[in-house]
1. In whole angstrom, and with the biggest value first, how far do the Cα coordinates of the range B:324-449 range along each principal axis?
2. Seen from all sides and averaged, what is the projected area of the convex hull of the Cα atoms in the protein assembly as shown, in nm²?
3. So what is the orientation-averaged projected area of the range A:494-597, using the convex hull of its C-alpha atoms, in nm²?
4. Would you mind working out the accessible area per residue for the protein assembly as shown, using a 1.4 Å probe, and quoting it in Å²?
5. Would you list B:R359, B:R222 from the most to the least accessible area, probe 1.4 Å?
6. Counting alpha carbon pairs within less than 8 Å and at least 6 residues apart, what relative contact order, in whole percent, applies to the range B:511-600?
7. Quick check on chain A: helices-only [θ] at 222 nm, where DSSP H runs of length 4 and up contribute -39,500 (n - 2.57) each and the sum goes over total residues. Nearest 500, please.
8. Would you kindly work out the equivalent ellipsoid of the range A:186-260 from its C-alpha gyration tensor and give its semi-axes, the square roots of five times the eigenvalues, largest first in whole Å?
2 protein chains.
Amino acid sequence: MPGIFWVVPIAGIIAIIFAIFMARDVLKRSPGTPQMEEIGGMILEGAWAFLKRQYSTIGWLSIVVAVVVGVLVGVLGGHRGIEGITALGIGWRTAIAFIAGALCSAVSGFIGMIIAVKANARCANASRHSLKEAVNVALRGGAVPGFLIVALSLLGITVIYFAYGGANTPGIAPHLIVGFGFGASFVALFAQLGGGIYTKAADMGADLVGKIEAGIPEDDPRNAAVIADLVGDNVGDCAGRGADLFESTAAENIGAMILGITIYAITGNVAWILFPLVVRAFGIIASMVGILCVRIRGDENPMNALNRGFYVAIALSIVGMLITVPIMLDNWWLFWAGVVGILTSVVVVFITQYYTESRFRPTRSIAEASKTGPATNIVTGTAVGLETTLATAVVIGSALLLSYWMGTMTGLPGAGAFGTAVATMGMLMACPYILSEDTFGPITDNANGINTMTGAGEEVRRITDRLDAVGNTTKALTKGYAMVSAGLAAFLLFQAYLDRVAFLRGLDSFNVVNIARVDVFVGALLAVMLVFLFAGMAIRAVSSTASKIIEEVRRQFRESPGILTGETRPDYARAVDITARASLRGMIIPGLLPVLAPVIIGVLFKLSPHYDAAMVVAALLMVGTIAGIMMASFMNNSGGAWDNAKKYIEDNQLKDMAGNILGKGSPAHAAAVVGDTVGDPFKDTAGPSLHVLVKLLSTITLVMCPLFV
Amino acid sequence: MPGIFWVVPIAGIIAIIFAIFMARDVLKRSPGTPQMEEIGGMILEGAWAFLKRQYSTIGWLSIVVAVVVGVLVGVLGGHRGIEGITALGIGWRTAIAFIAGALCSAVSGFIGMIIAVKANARCANASRHSLKEAVNVALRGGAVPGFLIVALSLLGITVIYFAYGGANTPGIAPHLIVGFGFGASFVALFAQLGGGIYTKAADMGADLVGKIEAGIPEDDPRNAAVIADLVGDNVGDCAGRGADLFESTAAENIGAMILGITIYAITGNVAWILFPLVVRAFGIIASMVGILCVRIRGDENPMNALNRGFYVAIALSIVGMLITVPIMLDNWWLFWAGVVGILTSVVVVFITQYYTESRFRPTRSIAEASKTGPATNIVTGTAVGLETTLATAVVIGSALLLSYWMGTMTGLPGAGAFGTAVATMGMLMACPYILSEDTFGPITDNANGINTMTGAGEEVRRITDRLDAVGNTTKALTKGYAMVSAGLAAFLLFQAYLDRVAFLRGLDSFNVVNIARVDVFVGALLAVMLVFLFAGMAIRAVSSTASKIIEEVRRQFRESPGILTGETRPDYARAVDITARASLRGMIIPGLLPVLAPVIIGVLFKLSPHYDAAMVVAALLMVGTIAGIMMASFMNNSGGAWDNAKKYIEDNQLKDMAGNILGKGSPAHAAAVVGDTVGDPFKDTAGPSLHVLVKLLSTITLVMCPLFV
C-alpha cells in the first residue's frame, strides 16, 4: 500500500474533529430570546418527529431490500461466484454492505438536519448583532454536516473495503462493496423524495391557504402550517441533500475503484484502485481551508465572500491533484483530467448563476413576462428551464470527451474511462465546501422565518433577507453541482457496470451496448419514460400532500376563529403531523419505481433467449442517466429562475412602460408568485430526486447485475 | 412488377376524384349571411397573406438548402458514388428530389388551409339548420386535404421512384429519393413551427388582452386580434398538420422501401420494395369507405359517429393487409405484423381519450386542482402530462418488439426491422381518415367563432360548441397518432440509415451503435438536449410573438376609444400582419436548429479519427427520437388535458365541498384558464413540431449520410 494512503484516515479524522469544533462554536452561542428559542424548539420537535417516522419507514424497506438482494444475488443469480468466494458469499456480503451504506446515508441526513435546526435560532439571534456574525453561524453550522458526511463516506468505504479483504485481494474487494453504494442511494432517494415532498407541500400549502386565501403574510404565526414550512426546509434541504451527496460520493468512489482494477491487473500497482480515496482526502483538506478563509469585508454581498472561499478550495484541490497523481499514478495526462473535473465545478457555478440570478437576462425575462399574468410567466419560465439544458449538456459533454481523451493518451488499456473517473474525483474534491454552502441555505431561510415570526426590527430583517437570497443562490449552485457531477460520473459508473458484466460472464471485456438492436432500443425508450414518469409522480405527490395541509389549515381557521385575530395559537403540531404522514405516503410509489423498474425490465428481457438482458439494462442505465440529467437541469433551473424572478419584483426592480414600480401586491407580483409556487416542486422535489435516481440506477444495476448476466 | 401494383395509381387517382367531389359538395353550399361571408373573407385574406409570406421565406430557405445539400453530397462527400451513378449524380438527384418533396409538402399545407377556410362559414351556416348537416360540412371539408395530401405523397414517391430508374434498378432508386423525404420534412417543420407559433401567439395574445385586461368575451369582434386568432387555427392546425402528415407518410414510406432492398437482393422479388406503396393504396380505399359511413343517429355525440367510421376504416385496413401480404410477400407473420400496426392506432385513440377527456380521472384531477388556484392547476397538469409517457412508451415498445419478432420469424435476413416497417405501414393505412378528422377540428372551431362574432342564437351556438369540443378531441387524437406512428417508424428509419451507411461504406452490414463509446454517448446526450432546447425555443417564440400582439391590441384600444364601445371597427388586418411577421421571425432559429445540429455535430466528430461520426449521428438520431416522442407525449397530452379541464368547469361540472357549482367566472375557472393558456404552446406549437423534428432528424441524416461515413 502506498504511503500516501495514510492521508485518507488522517483527513477523515481531521474532518470529524473540524466538524465537532464547528458544532461547538455554533452551539455555544445564544439561541436568542425565549420566544426564538421556543420556535426553534418547535421546529426541532417537528423535524425530529418527521425523521423518526421517515427513518422507520425507510428502515423497514431497507431491511426487506437487503434480504431480497442478498437472496437474489446469492441464490437465484446462478453465477459462479468470484475466485474463492461462493455466490452465497457474495450475497451476504452485498446485503451487509447495503445495510452499512443505508445506515451511513441515514446518519448523514440526520446529522445535517439536527445541526441545521440548532443553528437556525442562533443565526437569527446573531443577525441582531451583525451580518458578519450571522454569516459565520450559518456557514459554520453548514460545515458540520458538510464535513461529517464526506468523512463518513470516505471512512465508511475504506473500512468496508479492508473488511472485505482489500488488503489481500484488491482486485476483488471493490466488486464486493457495491452494495454499500446501493444502500446509500436507496436511503438517499427516499430521504430526498420524502423530505422534498414534505418541504414543498408545506410551503405550497402554507402559501396558498395563508397568503392567497386568508391574506396574511408569509411566515405569519397565525398560519397553522408555518412551523411545518420551517420544518420542511430542514428535512428537505438538509436531510435530503445530505443523503444525496453522501451517496454521490460513495457510488462514484466505488465505481472509480472498480475501473482501477483493470489497470491494477496489468500494472500490479494497487494505487490505481486506492487513488479515488486519496484524492478525496485531499479534497477535504482543501475545502477546510476554503471554509476558514471566508471573511466578509465591510458591507459586501456575502456571496462574494463565499465565492472567495470556494476559489481557495478549488486552487488547493488542484494542488492536491498535483501531489496525488504524480506520486500514485505517475502520469501527467491524468493530472490534467483531474483539473478538467475541478474546473468543471467552477463552470457550473457560473452557468447556474447566469440562469437563476436576476442580474441576467433569463430570470429578468420571466419577471417581464409576469406583467401579462401567470400564464406568460409560466410559459417563459418553462422555456428558460428547457433552454438551460444546452449549457449543461455542453459542459458535461466537453468534460467527458476531454478527460476521456486524456485518459487514452496514457496508453493504458481502459484508461479512457479512468480519465473520466479522475475528472469526477477532481470535481468531487470541493464537495465538503459545496455541502457546507448548501446547508447555509436552509439555516438562513429559517433564521429569516424566525425573525419574521418574532417580529424582529427592520434592520435585522434586512440582514436575514439578504442572507436568505444568498442561501437561494447557494442551494441552486449545489443542485447544479450535484447534477453535473452525476453526468460526469455517469460514464465511469456505466463502465463499472460493463466491467462487472464482463467479470461475471468471464469475458475479457464487455463494451458494446448496441441501441440498434430492438431490445436495447426499447430499453432506452423505457429509460426516458422512467425519468418522465418519476418526475410526474414526484410532482403529483407534492400537490396531493399540499391539498391535505390546505384542508387542515382551513379547518383550524374555521373551527377556531380566534386564530386569525391572534387570540388563539394554531395547532402547529397537528399540521406538522399531517404533513409528515401525507408526504411519507406520497414517497413510497415514486421511490419504489426506480428500484423495481430496472430489475423487472432486466428480468423480463432475460426470459427470452433472443434478448441480451444485460445490454438492455445497460441502455436503460445510460439513456436514463442522460434523460435524468436533462430533466433535472430543466426542473432545477426553471424553479430557481421563477423564485428569483419573484424576488426581483419584490425588490421593486420591475417597472411598467411609464416607469412605475410594479412591486409587492401588483398583478405582476401575483403572477410571479404563481410561477414560484409551480417551481417549488420542480426545483426542490423532482429535480434533486432525479440526481439520486440517476445514481440509484447505477448502483442498483451494479448490484443486481448477476440477475441479468 | 407485380400486377397488384396498379392499385397504387388507381387509388391515388380515386383519392383525388373523391377529394374534388367532396370539395364541390362543400363549396356548393351557402356561405351564410353577408356578415358571415365577410368574416370568412377576412379569415381567408389573413390566412392567405400569412401563407404567402411564410412560403416565400420557406421557399428561399429550401432553395438554399437544396443547393447546399446537392453540393455537399455531390462534391464534398468524397464517396464513390453508387453503381453507375457518380457522386455528383447523386448530388443533383438528391437536390431535385428535395425540391419536389418540399413543393409537395407546401402544396399539401396550402390545400388543407384553403379548403378549411372555405368550409368554416359554410359549417357555421349549416349549424343553423342541423347538427347533422354541420358535421357533414366539417367532415367533408376535412376530407379534401385528408385525401389530397395522402394521394400527393403516394403519387409523388411513385413518380420520382420511377423517374430515378426504379423500373430497371429497384435496388438503387430508393437511395436516390431520400431527398424527397428530407424536402418534405424540411418544409413541414417550418410550416408546423411557423403556423404553430402564429396560432398560439394569436390565441394567447387575444385572450390575455381581451378576456383578462379588457374583460370582453372570447371571439368578441371588438378585439383586434380576433381575426388573427381565427386565421391561426387554419394556418397552424390545417396547414401545419397537413405538411406534418405528408412528410410522415413520405419519409416512412421511403424508409420502408430502403429496408425492402436487403430482402429484394436475396429473393430477387421487387414486391419487397413496392409493398409499402401498395399497402398505403389500400389504406386510401379503406379510409374513403370509412368517411362515407359516418352518419349521425339522432342527437348522439358526433364523436360516436366519427369513431364508427374509424372502426370501419380499421376493419377494411385489415382486409387490405390480408389481400396485399399474401400476394406480395407470401408470409403470414408479416400479415400479423401489419395487424399489430393497425391495432396500435386503435389503442392510441383510447389512451389519448383517457388522458385528455374530462370523463376520466386525469383531466378531472386538474379541474379539482384549479380550486386552489393556478399554481396547483399547473403542477397537476404537468404531473398528468409527464405520466402519459408511460402509456405511450409501453404501446410503442410493445408494438416494436412484437412486430420485430414477427419479422424475424419469417427467417429472412433483416426481416426483423422489415416487420416494424410493415407495422408502420399498417398504422399509416388509416392516415387519410385521421387527417380528415383532424381538419374537422379547426373548421368547427372557426364555425363556432363565426357564430359568436355574428351573434347567432343560443341553439345554434350549442351545436357548434358541441362540435368544437369534438374537434378538440379529434385534434388530440391526431397528435397521438402522429406521435406513436413516429415512434413506430423510428426503428425502420434508423435501420434505413444504418443500411445506407453500410451501402456507402461498402460493408455487408453496419448494425452496431455502441453508446458505451464516449463519442456515441456524448451524441446521445446532445440528442436529448436538442429536444429540450428545441421545445424551449418553440415555446419562447410563442410568448414573444404574443407580447407583440398584446402591444398592438392595447395600442388600438388606447388610440381608438370607440373600439370598446363598439362604434369603431378595430384594424384586424394590422393585427394579422403583425402576428404573421413576428411568428415568421420566431420560427427561423428553432427551425434551423434541428437542421443544422446533426450536420454540425456529425462533421465535428468526423474531424477526429478516434471518433466514428456515422455512429455518433446514429445515436443522435435514435436517442433524439426517443426523447422527442416522450417530450411530445408530455406536451400534447398535458395541453389537451388543461384545455378540457377548463371546458369541464365551463360546463358547470366542478363543485365545491358544499355542492355549489364552480363555473365560468369562479376563481377555479380563472385558474383553469391559466392552465389552458400555458397548455396552448405545449400542445399546438412545441408538441406537433417535435413529431416533425423526429422525422426531420431521420431524413436529414439519411440524406447527409455521405458526410459522416
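1. Here the Cα extents, ordered largest to smallest, are 60, 34, 19 Å.
2. Mean orientational projected area (the protein assembly as shown, Cα hull): 47.8 nm².
3. Over every viewing direction, the Cα hull of the range A:494-597 projects on average to 9.7 nm².
4. Dividing the accessible area of the protein assembly as shown by its residue count gives 29 Å².
5. My answer, sorted largest first, is B:R359, B:R222.
6. About 33 percent, as a whole number.
7. Estimated from H runs of four or more residues: -28000 deg cm²/dmol.
8. With the √(5λ) rule applied to the range A:186-260, the semi-axes are 37, 9, 8 Å.
The values are calculated or read from the model by the stated rules, or taken from the named source; none is laboratory data. On a predicted model such as this, the values are computed, not experimentally measured, just so you know. Note that we place each Cβ from the backbone using ideal geometry, even for glycine, and neighbour counts take in every protein chain shown. Accessible surface is based on the protein model in full, side chains and every heavy atom, while ligands, DNA and RNA are left aside. Shrake-Rupley method; radii C 1.70, N 1.55, O 1.52, S 1.80 Å.
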